[in-house]
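Since every read-out is calculated from the coordinates, none of them should be taken as a lab result. Here the structure is a predicted model, which means the values were calculated and not measured. All Cβ positions, even for glycine, are placed from backbone atoms using ideal geometry, and neighbour counts span all protein chains on display.
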Amino acid sequence: MIGAIAGDIIGSVYEGTPIKSTDFELFNPHCTFTDDTVLTVATADCIVNGKDYARTYKEYGRRYPRAGYGGRFIHWLMSPGYEPYNSFGNGSAMRVSPVGFAYQNLEEVLTESRRSAEVTHNHPEGIKGAQAVAAAVFLARKGSTREDIKNCIQDTFGYSLQQSLDQIRPGYRFDSSCQGSVPQAITAFLESESYEDAVRKAISIGGDSDTIACIVGGIAQACYKDIPLFIIEKVEEILPEEFLEVVYIFNKYFPSS
């Protein structure tokens, strides 16, 4: 799942300042992890240790309260209760990649990704976004062709993946909804040639760059298996030790290769 985290970190400096190009410094000096990483690690912790999603998301979020959460999530995070708030934001999709690595068939992936989403994002679009990303990770991990992944996502979830990145890029603007960012992210993966190329393409469309790159990074790791060592080393420099511990344990149980 470090592929998703690296995507978040690389994309962190471009949220709100779109670059619309694949030609950029991969690790800007201001790159950092955001809410995407915090909650991805929390999801992995839940899977490895059998923890409750809602309680764990609150625990992690309250330990890192300035990671860049959306307004409705912050309100939920700081509230005393655990009821979901019917969101269709891409927060459900950004944190779900560990599910695609951990489960052994698509039915299990869809069930668990729903569970991870609906504790906050219980709107049908919020659940669908998480399921689509987890399914793409799972299929890529299992060696499905890009055409098979594309067809599965379109047929199962109703997302249109007909536009190319060159068609999406010029008019694409910030959109934090699942329906306005998940199809674009999956398209970036489908057009990629390597892990790094996938992340660069994700960021090049603009918009919610850290989240889109986080989504793409997870799928790309599942597909390409290996991430360049310099990317992994940079991520390890940035992440808190408690995050690295979860990553290492998760990778031990659920290797991407």
Subject >> Shape category assigned to segment 26-108 from the gyration tensor of Cα positions, a/c cut at 1.5 >> reply: oblate
Original post:
For the chain, what does -39500 (n - 2.57) per DSSP helix run (n ≥ 4), summed and divided by total residues, give at 222 nm, in deg cm²/dmol to the nearest 500?
Top reply: -18500 deg cm²/dmol
**OP:** Please check the chain for the longest run free of GluC sites (Glu not before Pro) that are loop-located per DSSP (anything but H, G, I, E, B) and have at most 16 other Cβ atoms within 10 Å.
**Re:** 26-190
Original post:
Using a Förster distance of 22 Å, how high is the FRET efficiency between Val48 and Glu233, based on the Cβ-Cβ distance and rounded to 0.05?
Top reply: 0.40
Original post:
Long-range amide H contacts for Ser177: which residues qualify at under 5 Å (H placed 1.01 Å from N, peptide plane, sequence gap of 5 or more or a different chain)?
Top reply: Asn90
Subject >> Test item: Cα-centred dipole of the chain, Lys/Arg +1 and Asp/Glu -1 on Cβ, debye >> reply: 440 debye
**OP:** Would you mind pulling out the separation of the Cα centroids of segment 166-207 and segment 117-144, in Å?
**Re:** 17 Å
**OP:** State log₁₀ I(q)/I(0) for segment 1-49 at q = 0.13, 0.18, 0.20, 0.27 Å⁻¹ as given by the Debye formula over alpha-carbon point scatterers of equal weight, solvent excluded.
**Re:** -0.35, -0.59, -0.69, -1.01
Subject >> At q = 0.08, 0.10, 0.11, 0.16 Å⁻¹, base-10 log of I(q)/I(0) for the chain (Debye sum, equal scatterers on each alpha carbon) >> reply: -0.25, -0.40, -0.49, -1.12
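For segment 161-257, what is the charge dipole size about the Cα centre, in debye to the nearest 20, if Lys and Arg each add +1 at the Cβ and Asp and Glu each add -1 at the Cβ?
Using only the charged Cβ atoms, the result is roughly 360 debye.
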Original post:
Lys225 versus Ile19, label points 7 Å from Cα toward the beta carbon: distance in nm?
Top reply: 2.9 nm
Original post:
Which of the residue pairs Lys51/Lys252; Lys20/Lys51; Lys51/Lys201; Lys51/Lys142; Lys58/Lys150; Lys128/Lys225 have a Cα-Cα distance greater than 30 Å in the structure shown?
Top reply: Lys20/Lys51; Lys51/Lys201; Lys58/Lys150
Original post:
Applying the Karplus parametrisation 6.51 cos²θ - 1.76 cosθ + 1.60 with θ = phi - 60° to the phi angles of segment 39-56, what ³J(HN,Hα) value in whole Hz is obtained for each residue in order, glycine and proline being reported as x?
Top reply: 7, 5, 5, 4, 4, 4, 4, 4, 5, 5, 10, x, 7, 6, 4, 4, 5, 6
